[in-house]
Every structure is written in structure tokens, then in C-alpha cells.
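See structure below.
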Amino acid sequence: MSTLHEGSGPARPSGPVRAPQNMAGGLVLIALAALALWLTRDLDQGTLNSMGPAMLPRWLAVAVGLSGLALL
């Protein structure tokens with residue numbers, strides 16, 4: 001006969017990192033954003049009235065970096 005205890009599920013990690021896969025994913029996204037920002041460093045961003053070739057990649061890199069930060 002087996003006994004069922006409430007809360008006898010998988011042990012939750014007791015530390016600052018609860019889900020290592022989220023931390024790894026966040027770090028990868030931040031690294032990808034940093035790479036995109038570094039690769040577009042020589043391109044002209046321009047203004048909203050006259051957009052340059054780096055406007056879209058840079059703002060997408062910022063959005064990806066913020067998503068990675070949210071995962072962390």
C-alpha cells in the first residue's frame with residue numbers, strides 16, 4: 001500500500017535560478033541583440049522622417065534584448 005503525500009511532486013530548486021532554461025534563453029537573446037547592434041554600428045540610423053538602413057535592425061535588436069532581459 002502506498003501513501004500519497006500532498007506536495008510530493010518534483011522538488012523545486014531553492015536558489016536564485018528557478019528555471020535554468022529561461023536563464024540560458026535570456027542570455028542567448030541578449031547575446032544575439034548585442035551581436036546585431038555591433039554589426040550595425042557602421043550603418044546610419046537616420047531619423048523617423050528619413051530612415052537609414054540601420055533603423056529596423058537596431059530597434060529589433062533592442063526589442064530582442066529587452067525580451068531576453070525579461071526572461072532573465
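The values are calculated or read from the model by the stated rules, or taken from the named source; none is laboratory data. The structure displayed is predicted, hence computed values, not measured ones. Using ideal geometry, Cβ is built from the backbone for each residue, glycine included, and neighbour counts are taken over all protein chains shown. Just the protein is used for accessible areas: all its heavy atoms, side chains included, with ligands, DNA and RNA removed. Shrake-Rupley method; radii C 1.70, N 1.55, O 1.52, S 1.80 Å.
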Pairs please, first residue from the range 26-37 and under 12 Å from residue 58 (Cβ atoms), second anywhere and part of a helix (DSSP H, G or I) and open to solvent by 70 Å² or more (accessible area, probe 1.4 Å), Cβ atoms under 8 Å, 6+ apart in sequence or on different chains. 36/60
Could you please tell me which pairs satisfy a Cβ distance under 7 Å, a separation of 6+ or placement on different chains, a first residue in the range 50-72 that is open to solvent by less than 60 Å² (accessible area, probe 1.4 Å), and a second residue that is hydroxyl-bearing (Ser, Thr, Tyr) and modelled with pLDDT of 90 or more? 54/40; 57/40; 58/40
Residue by residue through the range 42-58, note down the ones that are out of contact with any helix residue (DSSP H, G or I) (no Cβ under 7 Å at 6 or more places or on another chain) and either at pLDDT 95 or above or outside any helix (DSSP H, G or I) (or both). 42, 43, 44, 47, 48, 49, 50, 51, 52, 53, 54
